[in-house]
Structure formats: C-alpha cells, structure tokens
Amino acid sequence: MQIRPGSIADIPFFLHQESREAFQGCIQSWSHAKHANSLIDPDKRYLIAEDEESIKVGYAIFSEFTSPHHALYLQRLVVAEPGRGVGRRFFTALLDMAFGEWEKHRLWLHVFPDNQRARNFYLRYGFQEEGLHRDAVLMNGRFHSWISMALLAPEWHGAERRDSTLPEA
C-alpha cells in the first residue's frame, strides 16, 4: 500500500465514496467545492491509500493540523472495500504518521453512536470514548449525535500492536 497526499484530481473519488449507499449515515457528504477548498486549507491534510496497481482504496482527512496543542482531528476515514484488511493497514500507517512523523500528542475523532463497526474499530486501537455530543450535526434533514473518541501518543507508542489482533476495515 502506498499513501500519498490528496489532490484536486482525487475529488471524484471522494464524492463517489461519500455517495455510496453503504456509507449513508456513517459519513457526511461534501460538495466538490468544499473538498476543493479543504484541499488548499493549510490546517487540513488529505491522504490517499493506493494498492500496488495505484488504484485508490481509501482516504483520510485530517483537520486542525496547525493546532498549538499538538492535537489532530481525524475528520474522515473512508475505505472503499471494508473487511479486506486495507483499513487496518491504512489506519496503522496514519497513526504512525500522526504520532511519529507529525509529532502530535492527541488524535481525536467523532463517530455516530449507531456505527458500532467504527466504534469497535477505534476501540481496538486504544481510542477512548470521551463524550456524547447530542444532536451535533444536521444530516439528511435530521439531527444526529456524535461520540468523541481520542488516542494519546503515549498510548499508541506504548501499545503492543499486533496486526493479527487489530480489526478489519
């Protein structure tokens, strides 16, 4: 797997993934313009996962990259075909980047309470559920709550990481 920065040319991939029936209620859909603006925002980073044939298999969006608190927000993690191990490899690499190369202290995210698959995935990596944000987002005409989850650098660096015990995504 290769990981590279996202670009304007990747926006059709983002839009296609976000519009998939399987992801409705799990991730928010953005417009082409929102992705284009986010790609040039110095506070955000888009990363694309590609397989050995350079086929896009997932993407991640990080926000608050310039936070003076060394905290990073994983705004989006999408894997084109969950359940094949791509998400596990991609996410492990992202955590290594966040806590290694980027020297962040805290990585946090939001997950919808009824997305048990995602909650379990993050819990297996050591993320802690920190709180419920009631009716935090309006999506598809109704309000949805979010659960905040976070992982700290010492928890990641101190974890016994065995790929065989980490979840599929």
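Things to note:
- Some residue of segment 36-58 being modelled with pLDDT under 90, in contact with an Asp or Glu (Cβ under 9 Å, 6 or more places away or on another chain) and either basic (Lys, Arg) or on the phi > 0 side of the Ramachandran plot (or both): no
- Within the option set LEU132, LEU74, being surrounded by fewer than 16 Cβ atoms within 10 Å (Cβ to Cβ) and either in contact with a strand residue (DSSP E or B) (Cβ under 6 Å, 6 or more places away or on another chain) or not in a strand (DSSP E or B) (or both) holds for one residue only, LEU132.
- Filter result for GLU64 (under 22 Å from ALA136 (Cα atoms) and acidic (Asp, Glu)): yes
- Summed over segment 51-73, residues that are more than 13 Å from the chain's Cα centre (by Cα) and closer than 11 Å to GLY6 by Cβ total 1.
- Residue in segment 96-108 that is more than 24 Å from GLY158 (Cα to Cα), crowded, with 17+ Cβ neighbours inside 10 Å and in contact with a Phe, Trp or Tyr (Cβ under 7 Å, 6 or more places away or on another chain) present: no
- When VAL79 is tested against (1) crowded, with 19+ Cβ neighbours inside 10 Å; (2) of a type in the set (Val, Ile, Thr); (3) in contact with a His (Cβ under 9 Å, 6 or more places away or on another chain), just one condition goes unmet, and that condition is (3).
- Filtered by the rule that a residue be under 19 Å from ARG119 (Cα atoms) and acidic (Asp, Glu), segment 53-102 gives a lone residue, GLU81.
- Index of the failed condition, ARG4 passing every other in (1) touching a Phe, Trp or Tyr at 6+ places or on another chain (Cβ under 8 Å); (2) in a strand (DSSP E or B): (1)
- So SER145, is it modelled with pLDDT of 90 or more and among the polar types (S, T, N, Q): yes
- Selection within segment 122-141 - among the acidic types (Asp, Glu) and either on the phi > 0 side of the Ramachandran plot or modelled with pLDDT under 95 (or both): ASP135
- For segment 8-65, a residue qualifies if it is in contact (Cβ under 8 Å) with a residue 40 or more places away in the chain, assigned to a loop (DSSP other than H, G, I, E, B) and of a type in the set (S, T, N, Q), and the qualifying residues are GLN28, SER54.
- Number of the condition not met by MET97 [criteria: (1) closer than 28 Å to SER7 by Cα; (2) modelled with pLDDT of 95 or more; (3) in contact with a strand residue (DSSP E or B) (Cβ under 7 Å, 6 or more places away or on another chain)]: (3)
The values are calculated or read from the model by the stated rules, or taken from the named source; none is laboratory data. Note that the structure is a prediction, hence the values are computed from the model and not measured. Backbone-built Cβ (ideal geometry, glycine too); neighbour counts: all protein chains shown.
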